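Here's the structure, in structure tokens; my notes come after.
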Amino acid sequence: MHGGDVVTGAGGQLFGDLLMFASYRARYPGIVRPGYRAVSGDVLSFRRPVPALHALVGATGWFGMLAICIVATTIA
């Protein structure tokens, strides 16, 4: 994994989390500082199926690639 890949991946995760929190605050304006568990639970509740599927596919891809990288570095 190259340094640029790590930066791009971390930046993408950060932007995704910021977008997830902004969306949650827009839908629930009375909540000032929601917890990560509440926000992620809202996304994974499938009340909005497209964001939920996006989160599941993204997590599967990310952790799948992490597993491949770990296996590749331990075998090589």
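The values are calculated or read from the model by the stated rules, or taken from the named source; none is laboratory data. No experiment lies behind these values; they were computed from the predicted model shown. Don't worry about glycine lacking a Cβ; one is built from the backbone with ideal geometry, like all the others, and counts go over all protein chains shown. Quick note on the areas: whole protein, heavy atoms, side chains included, nothing else; ligands and nucleic acids left out. Shrake-Rupley method; radii C 1.70, N 1.55, O 1.52, S 1.80 Å.
Taking all protein chains as they are arranged and a probe of 1.4 Å, the heavy atoms of VAL71 leave approximately 80 Å² accessible to solvent. Loop-resident chymotrypsin sites (Phe, Trp or Tyr not before Pro) (DSSP state other than H, G, I, E or B) in the stretch 38-76 with no more than 16 further Cβ atoms inside 10 Å of their Cβ: PHE46.
Could you order ASP17, ASP42 by accessible surface area, starting with the largest, using a probe radius of 1.4 Å? Working shown, then result.
Numbers: ASP17 55, ASP42 10 Å².
Sorted by accessible area, descending: ASP17, ASP42.
Taking the Cα centre of the chain as reference, the dipole from Cβ charges on Lys and Arg (+1) and Asp and Glu (-1) amounts to some 400 debye.
Determine the calculated [θ] at 222 nm for the chain from helices alone, applying -39500 (n - 2.57) to every DSSP H run no shorter than 4 residues and normalising by the residue count; nearest 500 deg cm²/dmol. Write out the running numbers ahead of the final one.
Values: 3 runs with 60 residues, N = 76.
Rounded to the nearest 500, it is -27000 deg cm²/dmol.
Taken one residue at a time, the phi angles of the stretch 30-38 give Karplus couplings (6.51, -1.76, 1.60, θ = phi - 60°) of x, 8, 7, 10, x, x, 4, 5, 5 Hz. Gly and Pro are set to x. Express in % the proportion of alpha carbon pairs of the chain at distances exceeding 19 Å. Value for the chain: 47 percent of Cα pairs lie more than 19 Å apart.
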